[in-house]
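*Asks:* First the structure, which I've put down as structure tokens, then a few questions once you've had a look.
The values are calculated or read from the model by the stated rules, or taken from the named source; none is laboratory data. Note that the structure is a prediction, hence the values are computed from the model and not measured. Every residue, glycine as well, gets a Cβ built from its backbone with ideal geometry; the counts of neighbours run over all protein chains shown.
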Ligand SMILES: NC(=O)c1ccc[n+]([C@@H]2O[C@H](COP(=O)([O-])OP(=O)(O)OC[C@H]3O[C@@H](n4cnc5c(N)ncnc54)[C@H](O)[C@@H]3O)[C@@H](O)[C@H]2O)c1
């Protein structure tokens with residue numbers, strides 16, 4: 001539904017509002033919770049500084065309500081932070097009719113969604129995503145969770161937010177490397193959707209300027225469509241995993257203690273290189289599509305190589321991932337741009353070849 005100053009995406013069981021001015025809707029939404037049921041705001045230290053004042057300026061009734069800020073970054077997506085959130089909710093007498101507002105990036109919506117969904121067997125929460133990954137992807141779809149024992153998303157639940165409010169203006173304070181990271185998810189979504197969306201992405205000179213709101217909208221619409229057909233990831237939703245089976249393992253690997261770290265989107269970009277290669281071997285991805293994908297990725301992302309001695313370790317991280325099936329590893333691939341295929345099993349040899357291919361690309 002298009003309005004003058006915002007758009008409502010209604011494919012899901014909860015509304016997603018996108019635009020410059022759904023503030024009045026947010027005010028209306030929180031009203032009943034403020035009358036005695038309790039509202040709580042979860043941020044990280046960055047979104048506490050940059051986003052919480054903006055939220056309170058637009059929704060003054062939220063001034064003075066309890067808020068908790070965790071350390072920024074992936075390391076906060078863990079059981080210790082979830083425990084901290086449960087303690088904080090208990091100390092402030094939150095109940096099953098209270099509301100948690102997740103104000104932050106994908107770490108905050110994953111962690112806050114998980115903590116709310118498990119607190120007293122479930123309290124309502126809304127997402128107000130402030131990063132590009134959050135706005136284009138993580139805040140919608142109902143997947144919540146935390147990392148455990150060095151492996152991403154090992155514990156979690158499907159739990160829908162009651163609503164999602166996307167204000168692209170929050171992106172103004174987002175650092176440029178985080179914009180690039182979010183651009184990876186937008187790029188992935190365009191590869192799956194194909195057609196003119198992919199052509200528009202290919203012509204983006206640099207994602208660092210004012211990010212095109214229409215690309216965020218395309219990404220949310222595409223995700224909402226797949227999630228509404230297959231909310232629990234049994235079939236078509238799995239397409240959204242393109243780049244993520246390899247990407248998550250690479251992300252976990254580079255984020256081990258003592259390693260230099262890697263942003264989620266940068267890891268997904270590397271994962272898309274590997275999985276485009278596997279797609280050409282196992283799903284028939286044409287050479288021209290492959291070139292179009294790789295040239296776009298190397299134009300925007302710092303593709304890092306992986307020393308051959310670590311291939312086994314990355315493979316075993318993939319085996320821990322939820323997509324394992326039979327003897328090989330289960331991938332979501334591309335038959336061509338715009339035509340995803342799911343549940344394709346790849347054996348170690350082609351996976352290792354894809355790492356070698358990634359290393360070639362990293363030298364280009
Ligand atoms: N649940 C899902 O469907 C889903 C989908 C994609 C990604 N994810 C998860 O999302 C996470 C990555 O998301 P992310 O990149 O948003 O991580 P993030 O939440 O750590 O945010 C990235 C960085 O940007 C900062 N930040 C956020 N908004 C800001 C703003 N407006 N101004 C200034 N700084 C700001 C944060 O403090 C953080 O340092 C990963 O854990 C990934 O697994 C989940």
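*Asks:* How many residues are touching a residue at least 60 places away in the same chain (Cβ under 8 Å), more than 9 Å from the ligand (Cβ to nearest atom) and out of contact with any strand residue (DSSP E or B) (no Cβ under 9 Å at 6 or more places or on another chain) if we restrict to the range 178-198? Steps first, answer last, please.
*Replies:* At the first step, the residues of the range 178-198 found to be touching a residue at least 60 places away in the same chain (Cβ under 8 Å) are 178, 180-185, 187-188, 191-195, 198.
Within this subset, residues satisfying the condition of being more than 9 Å from the ligand (Cβ to nearest atom) are 180, 183-184, 187-188, 191-195, 198.
Then drop every residue that is not out of contact with any strand residue (DSSP E or B) (no Cβ under 9 Å at 6 or more places or on another chain), which leaves 180, 183-184, 187-188, 193, 195, 198.
Within the range 178-198, residues that are touching a residue at least 60 places away in the same chain (Cβ under 8 Å), more than 9 Å from the ligand (Cβ to nearest atom) and out of contact with any strand residue (DSSP E or B) (no Cβ under 9 Å at 6 or more places or on another chain) number 8.
*Asks:* Quickly run through the range 126-154 and pick out the residues that are over 15 Å from residue 248 (Cα atoms) and more than 13 Å from the ligand (Cβ to nearest atom).
*Replies:* 126
*Asks:* Any residue in the range 121-149 that is under 19 Å from residue 11 (Cα atoms) and at pLDDT below 95 sitting within a Cβ distance under 8 Å of a residue that is within 7 Å of the ligand (Cβ to nearest atom) and assigned to a helix (DSSP H, G or I)? List the pairs, counting only those 6 or more apart or interchain.
*Replies:* none
*Asks:* Yes or no: residue 215 in contact (Cβ under 8 Å) with a residue 12 or more places away in the chain, within 28 Å of residue 315 (Cα to Cα) and more than 10 Å from the ligand (Cβ to nearest atom)?
*Replies:* Working: in contact (Cβ under 8 Å) with a residue 12 or more places away in the chain: yes; within 28 Å of residue 315 (Cα to Cα): no; more than 10 Å from the ligand (Cβ to nearest atom): yes.
For residue 215, the condition - in contact (Cβ under 8 Å) with a residue 12 or more places away in the chain, within 28 Å of residue 315 (Cα to Cα) and more than 10 Å from the ligand (Cβ to nearest atom) - is not met.
Let's see how each residue does on (1) surrounded by fewer than 19 Cβ atoms within 10 Å (Cβ to Cβ); (2) within 16 Å of the ligand (Cβ to nearest atom):
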{"site": "20", "(1), (2)": "yes, yes"}
{"site": "24", "(1), (2)": "yes, no"}
{"site": "27", "(1), (2)": "yes, no"}
{"site": "34", "(1), (2)": "yes, no"}
{"site": "42", "(1), (2)": "no, yes"}
{"site": "47", "(1), (2)": "no, yes"}
{"site": "50", "(1), (2)": "yes, yes"}
{"site": "70", "(1), (2)": "no, yes"}
{"site": "76", "(1), (2)": "no, yes"}
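*Asks:* Just the residues that are more than 12 Å from the ligand (Cβ to nearest atom) and either touching a strand residue (DSSP E or B) at 6+ places or on another chain (Cβ under 8 Å) or outside any loop (DSSP other than H, G, I, E, B) (or both), please, taken from the range 91-116. Don't jump to the end; show me each part of the working.
*Replies:* Just the residues of the range 91-116 that are more than 12 Å from the ligand (Cβ to nearest atom), to begin with: 91-101, 115-116.
The answer is 91, 92, 94, 98, 99, 100, 101, 115, 116.
*Asks:* Now for a separate question. Among the residues of the range 2-14, are any crowded, with 21+ Cβ neighbours inside 10 Å and more than 28 Å from residue 155 (Cα to Cα)?
*Replies:* Within the range 2-14, one or more residues are crowded, with 21+ Cβ neighbours inside 10 Å and more than 28 Å from residue 155 (Cα to Cα).
*Asks:* Only residues in the range 256-270 that are without any contact (Cβ under 8 Å) to a residue 24 or more places away in the chain count as the first member; pair them with residues that are away from the ligand (no atom under 11 Å from the Cβ) and in a helix (DSSP H, G or I), Cβ under 9 angstrom, at least 6 apart or cross-chain, and list the lot.
*Replies:* That search, which allows pairs on different chains as well, returns 259/253; 260/254; 261/254; 267/246; 267/249; 267/250; 267/253; 267/254.
*Asks:* Out of (1) surrounded by fewer than 18 Cβ atoms within 10 Å (Cβ to Cβ); (2) out of contact with any strand residue (DSSP E or B) (no Cβ under 9 Å at 6 or more places or on another chain); (3) outside any helix (DSSP H, G or I), the odd one out for residue 306 is which?
*Replies:* Here residue 306 clears every test but (1).
*Asks:* Specify the residue that is surrounded by the fewest Cβ atoms within 10 Å (Cβ to Cβ); the eligible residues are those in the range 117-143 that are under 20 Å from residue 84 (Cα atoms) and touching a helix residue (DSSP H, G or I) at 6+ places or on another chain (Cβ under 8 Å). Explain how you work it out, then say what you get.
*Replies:* Residues of the range 117-143 that are under 20 Å from residue 84 (Cα atoms), as a first pass: 117-127.
Filter once more, keeping what is touching a helix residue (DSSP H, G or I) at 6+ places or on another chain (Cβ under 8 Å): 118-119, 122-127.
Details: 118: 18, 119: 21, 122: 12, 123: 21, 124: 18, 125: 26, 126: 25, 127: 30.
That would be 122.
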